[in-house]
Amino acid sequence: MAIKICLFNHKGGVSKTTTAYNLAWKLARKGKKVILVDADPQCNLTGLILGDDFDDFYRTRPNDNLMAGIAPAFDSIPVPLKAIDCYVEPKNSNMLLIPGHINLSEYEVSLSISHQLSNSIPTLKNLPGAFNWFLILVAAKYNADYLIIDMNPSLSSMNQNLFCISNYFILPTSPDYFSVMAIRALSNVLPKWEKWAKDARITFGTSTYPFPTTTPQLLGTVVQNYAIRNNNPSASFQTWFDEIADCVNTHLIPALTSEGMILPAHKYTTGQLAKGYAIAEIPDFQGLIPKAQHLGVPVYELPDSSLGKGKVLTQYKRIRDRFLTIFDRFADDIISMAI
């Protein structure tokens, strides 16, 4: 069965979408079948992958997206959920996409009600397990190894549902004061979500689309979007690296541990534990993003011919190869930890 990994932080601007895309691409390059799930109504991940074909895709394939896939459950259509046809990335055929939909948030209210009033409104009992069942069907259709779920920056019921049906989660952050605040908040929120899920596994266990029995566990944090100097974070950013690590160790980890949301200690590398469970540190892409978006590839797969000439080429090759090393190691850690 495919492993579901969500990238979640209710704080915006921490590069969840970019990280999901780069990680999934690298896992696919390593021979894993990976399905990206765009669960953000802004559809940034879908736009990143489809590019100029975005509008044509929805016009020619209106039923091949996340909202259409779960519509039978949420719109009370008397047909069972079934797998859609994913978009296959032409430059990396092991990576597929379940596109998002700008109207996905329309299901937010009914899902929220189902989380609270399922016993009094029987027709709602199938909604909490619908996302999970649909993803299982799609993963089985493509024999996927991983489902990477990109979520919107909020504490919505939809995010709660997607988080609680995941096997693992990654917490992207940025080295700033607001990320520290977000980690403190999530130290309270995520255990509460898991407590709700424990009841949901009983309440919705006999539904047509049963709620999964697994508890989401932390793979690690990711610290990104920072300047480097001499191959290390600049001094101003390093202060926040330390603050984030301290907040993770003193607030987040104890809270998650109490609900069984942490892996056994030996699963985490020594480097992760020393840096506040950071599974990856990803600096600013330094001008490579526009080039990568133009060619429709991650920054670490940019060809030399796209990087310029002379000293510019030398500089950009060094930056590109740094990201190749980062995401190669990141993907290897995911493969070894998420089993």
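No lab work stands behind these numbers, since they all come straight from the coordinates. Since this is a predicted model, take the numbers as computed values, not measurements. Positions of Cβ are generated from backbone atoms using ideal geometry, with glycine treated the same way; all protein chains shown enter the neighbour counts.
Using amide H atoms built in the peptide plane, which far-off residues or other-chain residues are under 5 Å from residue 278 H to H?
Those lying under 5 Å, H to H, from residue 278 are 221.
Show that you can apply the helix-only estimate: for the chain, add -39,500 (n - 2.57) for every DSSP H stretch of four or more residues, divide by all residues, and state [θ] at 222 nm to the nearest 500.
Working: 13 runs with 154 residues, N = 339.
About -14000 deg cm²/dmol.
Over every pair of different alpha-carbon atoms in the chain, take the mean of 1/r and invert it; report that Kirkwood radius in Å. Could the numbers behind the result be given before it?
Working: mean 1/r = 0.0486 Å⁻¹.
By the Kirkwood definition, the hydrodynamic radius is 20.6 Å.
On a C-alpha basis, how far is the centre of region 50-122 from the centre of region 214-230 in Å? Whole number, if you could?
When both Cα centres are located, 28 Å separates them.
Would you mind calculating the gained length between residue 246 and residue 42 on full extension (0.36 nm times residue separation, minus the Cα-Cα distance), in nm to one decimal?
Extra length available between residue 246 and residue 42 comes to 70.2 nm.
Calculate one ³J(HN,Hα) per residue across region 310-326 by plugging θ = phi - 60° into the Karplus curve 6.51 cos²θ - 1.76 cosθ + 1.60, and present them in order as whole Hz with x for glycine and proline.
My calculation for region 310-326 gives x, 5, 4, 4, 4, 5, 5, 4, 5, 5, 4, 5, 4, 6, 4, 5, 4 Hz in order.
Dipole of region 3-337 (Lys/Arg Cβ +1, Asp/Glu Cβ -1, origin at the Cα centre): which of 334, 76, 138 lies farthest to the positive side?
Most positive-ward Cα: 334.
Please report 6, 247 as a ranked list, fewest other C-beta atoms within 10 angstrom at the top and most at the bottom.
Starting with the residue having the fewest Cβ neighbours, the order is 247, 6.
Counting other beta carbons within 10 Å of each Cβ, put 89, 243 in order, fewest first.
Listed from fewest to most nearby Cβ atoms, that is 243, 89.
Using the per-residue mean of other Cβ atoms lying within 10 Å as a proxy for protection, in what order, highest first, do the peptides 301-307, 30-36, 104-110, 231-237 fall? Working shown, then result.
Numbers: 301-307: 14.9, 30-36: 20.4, 104-110: 16.6, 231-237: 13.3.
Peptide ranking by packing, descending: 30-36, 104-110, 301-307, 231-237.
Please compute the length gained on full extension between residue 231 and residue 328, using 0.36 nm multiplied by the number of residues separating them and subtracting their Cα-Cα distance.
33.2 nm
For residue 218, which sequence-distant residues (separation of 5 or more, or a different chain) have an amide H within less than 5 Å of its own amide H, given hydrogens modelled in the peptide plane?
169, 262, 263
On full extension of the chain, what length is gained from residue 137 through residue 185, given 0.36 nm per residue of separation minus the C-alpha to C-alpha distance?
13.9 nm
I'd like the FRET efficiency for residue 238 and residue 60, computed as 1/(1 + (r/R0)^6) with the beta carbon distance as r and R0 of 56 Å, rounded to 0.05.
Using R0 = 56 Å, I get an efficiency of 0.70.
Assuming R0 = 41 Å, can you tell me the calculated FRET efficiency for the pair residue 309 and residue 85, based on Cβ-Cβ distance, to the nearest 0.05?
Taking R0 as 41 Å, the efficiency between residue 309 and residue 85 is 0.45.
Taking only the C-alpha atoms, wrap a convex hull around region 1-84 and report its volume per residue in Å³ as a whole number. Each step should come with its number before you reach the end.
On the way: hull volume 11.3 nm³, N = 84.
Spread over its residues, the Cα hull of region 1-84 gives 134 Å³ apiece.
Going by average Cβ neighbours within 10 Å, how do the peptides 194-203, 155-164 rank, with the highest at the top?
Ranked by mean Cβ neighbours within 10 Å, highest first: 155-164, 194-203.
Ranking 11, 26 by Cβ neighbours within 10 Å, fewest first, what do you get? Can you show the working numbers first?
Values: 11 20, 26 26.
The order, fewest Cβ neighbours first, is 11, 26.
Check residue 149: other-chain or 5+ apart residues with amide H under 5 Å from its amide H, H built from backbone geometry?
5, 6, 7, 37
Taking residue 195 as the anchor, which lysines have their alpha carbon closer than 20 Å to its alpha carbon, excluding any fewer than eight residues away along the same chain?
In chain and number order, the partners are 4, 125.
Give 32/309; 26/91; 16/82; 16/91 a once-over and call out the pairs whose C-alpha atoms are over 24 Å from each other.
Over 24 Å Cα-Cα: 32/309; 16/82.
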